[in-house]
Amino acid sequence: ALAAVVPFADDPSVRDELRKQAADAELPSVLRGMFRIWAGEKAVNLIANGSFEAESPLPCGWQKGKLVGRRTDTEASDGRFSLAARELMSEFRFTPEAGRTYLVMYDVKCSASSAEGKFNCRITPCGKGVARTHIGTYDISLAGGEWQTLSGVVTTGAGTKSGIPDDEVVIDLYGKKYEPDETVWLDNVRVYKID
């Protein structure tokens with residue numbers, strides 16, 4: 001629910017309030033980090049080519065399979081290019097520091113509001129190739145014809161219980177049950193370390 005502020009973050013009064021909240025030492029560090037990023041603080045994006053402006057690297061598909069989608073210049077929320085497909089299936093990976101928290105953000109758009117079509121995000125921290133957990137935001141109904149910024153948070157395990165620290169995070173962004181005449185676009189995929 002906090003991410004509902006993101007589309008308004010360019011408003012100077014909203015940005016000032018985000019900065020004020022980010023400076024509040026009584027808030028958890030994760031919240032302060034999210035507020036800093038939303039307020040426009042410069043941070044390193046851990047996803048290479050997350051706006052798809054270069055022809056490569058592009059994400060793979062599910063479990064390192066073939067990407068279901070194509071790079072296109074018909075729509076974009078950032079730059080000129082995005083990925084598009086009826087039932088987009090894209091997978092991104094990054095190497096985290098164990099025991100740190102990361103903010104995952106991405107922009108998504110559907111050509112029209114869909115009765116059946118839903119968008120999904122699954123974030124999976126892994127240690128030595130074994131999934132520790134799945135953090136999912138499933139069955140998101142997209143408002144047709146407009147870009148939406150969605151986000152999620154993941155804290156990687158330091159291996160204190162399992163003995164295996166998380167050494168990779170897998171992010172699956174995908175659509176399902178869209179009609180043949182519906183298109184989903186994905187753009188501006190980013191991951192920031194926030195603590």
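First compute the accessible area of the chain with a 1.4 Å probe, then give the percent of it belonging to carbon and sulfur atoms.
Here it works out to 50 percent.
Can you order the peptides 44-50, 2-8 by their average number of other Cβ atoms within 10 Å per residue, highest first? Mind showing how you got there, number by number?
Numbers: 44-50: 15.9, 2-8: 14.0.
Put in order of decreasing packing, that is 44-50, 2-8.
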Item to complete: Read phi for every residue in segment 131-144 and hand back ³J(HN,Hα) as whole Hz from Karplus 6.51 cos²θ - 1.76 cosθ + 1.60, θ = phi - 60°, with x for Gly and Pro.
Response: 5, 8, 6, 10, 9, x, 10, 10, 6, 7, 8, 8, 6, x
Fill in: Relative contact order %, the chain, counting alpha carbon pairs below 8 Å whose residues are six or more apart
28
Worksheet item: Hey, what did segment 16-125 get for relative contact order, percent, Cα under 8 Å, at least 6 apart?
Response: 18
Worksheet entry | Gyration tensor (Cα) of segment 45-133, equivalent ellipsoid semi-axes in angstrom | 24, 16, 13
Worksheet item: Taking the Cα centre of the chain as origin and charging only Cβ (+1 Lys, Arg; -1 Asp, Glu), how large is the dipole, in debye to the nearest 20?
Response: 660
Discussion item. Nearest 500 deg cm²/dmol is fine: what mean residue ellipticity at 222 nm does the chain get from its DSSP H runs of n ≥ 4 alone, each adding -39,500 (n - 2.57), divided by its residue count?
Written reply: -3000 deg cm²/dmol
Worksheet item: So if we plug the beta-carbon distance of Leu31 and Ser56 into 1/(1 + (r/R0)^6) with R0 = 25 Å, what FRET efficiency do we get, rounded to 0.05?
Response: 0.10
Worksheet item: With no solvent and one point on each alpha carbon, what is the Debye value of log10 I(q)/I(0) for segment 61-113 at q = 0.31 Å⁻¹?
Response: -1.27
Discussion item. Projecting each Cα onto the charge dipole of segment 50-164 (Lys/Arg +1, Asp/Glu -1 at the beta carbon, about the Cα centre), which of Val153, Tyr138, Gln63 comes out farthest on the positive side?
Written reply: Gln63
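The values are calculated or read from the model by the stated rules, or taken from the named source; none is laboratory data. The structure presented is a predicted model; accordingly, all values stated were derived computationally and were not measured. Neighbour counts run over all protein chains shown; Cβ positions are idealised from the backbone, glycine included. Ligands, DNA and RNA are stripped out before the accessible areas are found, and what is left, the full protein with its side chains, is counted by its heavy atoms. Shrake-Rupley method; radii C 1.70, N 1.55, O 1.52, S 1.80 Å.
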